Amino acid sequence: MLKTQFILLLTLISFGVWGQDYSVDDRRAIKLYQEGKELVLKRRYLEAMEKYQATIRRNDNFLEAYRDWSQLLLNREDYENSLQVALRGESKIRQNEEFKDDFGWLLTKIYLKSGNFQKAIEKFKETESYFSEELKASQGYQDIARQLRFIEKEIQNAKSIEKEKLEKPLNNFKLQYFPVLTADSKRIFFTKRDGLARSENEDIFVANWQNGHWTQPEPLSKTINTINNEGTCTISADGKILIYTSCDAPDSFGSCDLYVAYKVNGLWQKPRNMGEKVNSRYWDSQPSLSADGSILFFSSNRRGGCGGNDIWYTMRMDDGTWSEPVNVGEVVNTVYDEVSPFIYFNNELLFFASNGHIGFGGMDLFTTKINKGVFESPQNLGYPINDHKDQLALFITAQRDYAYYTENSLSNGVLDRSFLFRFPFPKEIDLGERLVVTEGKVINERTGKPVEATLSLVNLENDSTMYAFKSDGESGEFMMLYPDKAFSGLYVEKEGYLPKIYNVEKDSLKDIKDMKVSLTPVEKGEQFVFENVFFDFDKADLKKESMSSLVRLKKFMKENPDVDILIEGHTDSVGDDQYNQDLSLRRAQSVKAYLISQGVSGGKLKVKGWGDKKPLVSNDTPSNRAKNRRIEIVIQ
């Protein structure tokens, strides 16, 4: 929300006119009250409140003392006592309308800050006509008036959600915050701290979802958790890239830096500082990594931003390094604070917390849509996801069933505890296209041993790689997360092996839990289906959607310079045999022509048309006939 914190300086200015005339004619009470005002000027607030109490004990009709005492309590975020004092004072007004504006404005703020939004709206409307023109002209008044209009509209469209604190054995520490989960929602990572002091050690902990419950949280790894503070973290969808915050480490460039660690063969490798290109001399923290690990968002108060803490992003380059961070811009960042970014799994929605956009109070949660690299105007997630408290560190599961977040508990305006919460994510908030999770294992077809291969999910319409993952070198296991696009291809590649090519829709790869990918070593006589090569009906011209596969075949030929290939064309059984054989040959020749145009020697390429002579499956259904219309590559 827009900052409307009426700090103490504003409390020294009367809502009406300060003068020597008071609501009572009691010289002793007036003296006590004036002593309280002097203590406020000296910032001795507790002593000032004692003087105001003494004033009221002397004369319980002294309205200014009630007002100023209540305001000091409000500044300390002691809403309950602030309200009680203000109501006592309001009850003493009787016919003295001079103070209706003071207490009306004060009670509006108390109700607003304590989250009693309906009462705040009612009190504001009830006493608005009494407010002075001087007050109405102030920026603070205009901010609160606009905020109340916003809240009144939002609570009429309140979402039906039920927040729940995560059960034990989670939430057993003094502080736990910034939860993140793997794409399958079976592992939760968070930062824990045993106490409130900065000297209390921060570490990253992890728990697993087993038999309907979370296991006892354990330290993530001795390689990562050290004597230094390891704070907020983010993890790629497959759980193999971890980026986290460490503060005051020996190799840091600023107060807090970002570090990256990779999981290789089931073990976390030694983390390293992301370098001075990414990190600055200032605070760099709260990272959020895209599902495929290609883009990193984080919050920083470095120079060049829009205000306090801003959201920035950096891109992972082809050589594994990271680009110079870029500020997401003034549409998202304000002159106040934007923190805890979370890029959703589809790379199309960025969530964040802010006290600079209009909201309900403190830090509210917002979302902005990323449209062709442009961040659209942020939208408040609404009530009761947001309320008067600070909402931070939102994480929405790939399955869209729950949103996890951190909720702080304050005592006298100071952080006392923090807990991990979740709520069923409202269906009325659009998260874009459905996401698909595919899990499985890549093995060597000959030996059955695991293979560390690259799996690329490609949009066939424009040959753009949407996501790229690797299978684990020790187990061969992989987990992919990608948008539910009908026209996409999956390419599984490893140097020294024949590529495995799938069409996601045709091969029904969506939501498979045990997909088995067998890669065949490159040897003479071996062959593979050259999937995702498209031709118009009854034609041999390659369609542009074939480019993803053609580019990879060219790459395969260059990686294997000693290999010759036979390009075979196949059709279904519809039509004349001779015509089908001729068509299949012309289509194979089109593939050869493309490779030659890309610098592959024609002497390494042979072609053959089989027509419908070698079907993969029977030609009795449209889907089977589609599988039989294909190009195959045979190693010569």
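The values are calculated or read from the model by the stated rules, or taken from the named source; none is laboratory data. All of these numbers come straight from a predicted model, not from anything done at the bench. Quick reminder, even Gly has a Cβ in these numbers, built from the backbone with ideal geometry, and neighbours come from all protein chains shown.
Data table
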{"read-out": "Matching option when the condition is under 37 Å from the mean Cα position of the chain (by Cα) and in a loop (DSSP other than H, G, I, E, B), among Lys510, Lys516", "value": "Lys510"}
{"read-out": "Helices (runs of 4 or more DSSP H) wholly inside the stretch 114-214 containing at least 3 residues that are of a type in the set (Asp, Glu) and over 30 Å from Glu230 (Cα atoms)", "value": "139-156"}
{"read-out": "Ala291, sole failed condition from (1) touching a residue at least 60 places away in the same chain (Cβ under 8 Å); (2) assigned to a strand (DSSP E or B)", "value": "(2)"}
{"read-out": "Residue within the stretch 400-409 that is free of Cβ contacts under 8 Å to residues at least 24 places away in the same chain, of a type in the set (A, V, I, L, M) and under 30 Å from Tyr177 (Cβ atoms) present", "value": "yes"}
{"read-out": "Number of the condition not met by Ile93 [criteria: (1) assigned to a helix (DSSP H, G or I); (2) under 18 Å from Ser132 (Cβ atoms)]", "value": "(1)"}
{"read-out": "All positions within the stretch 225-240 that are farther than 19 Å from Phe178 by Cβ and not in a loop (DSSP other than H, G, I, E, B)", "value": "none"}
{"read-out": "Test: residue in the stretch 46-58 that is touching a residue at least 40 places away in the same chain (Cβ under 8 Å) and within 20 Å of Lys100 (Cβ to Cβ)", "value": "no"}
{"read-out": "Of all residues in the stretch 559-595 being small (Gly, Ala, Ser) and at pLDDT 95 or above, the one that is surrounded by the most Cβ atoms within 10 Å (Cβ to Cβ)", "value": "Gly569"}
{"read-out": "Selected residue [farther than 27 Å from Leu242 by Cα, over 15 Å from the mean Cα position of the chain (by Cα), surrounded by fewer than 20 Cβ atoms within 10 Å (Cβ to Cβ) and outside the structural domain of Arg149 (by TED's automatic domain parsing)] from Val326, Val331, Val374", "value": "Val331"}
{"read-out": "The listed residue being surrounded by fewer than 17 Cβ atoms within 10 Å (Cβ to Cβ), in contact with a Ser or Thr (Cβ under 8 Å, 6 or more places away or on another chain) and under 22 Å from Ser471 (Cα atoms), out of Ile512, Ile501", "value": "Ile512"}
{"read-out": "Tally of residues being of a type in the set (Val, Ile, Thr) and either outside the structural domain of Thr314 (by TED's automatic domain parsing) or within 21 Å of Ile227 (Cβ to Cβ) (or both) across the stretch 249-292", "value": "1"}
{"read-out": "Exclusive hit being without any contact (Cβ under 8 Å) to a residue 12 or more places away in the chain and in a loop (DSSP other than H, G, I, E, B), set Lys270, Lys222", "value": "Lys222"}
{"read-out": "Of all residues in the stretch 620-636 being of a type outside the set (Lys, Arg) and crowded, with 17+ Cβ neighbours inside 10 Å, the one that is nearest to Ala540 (Cα to Cα)", "value": "Ile631"}
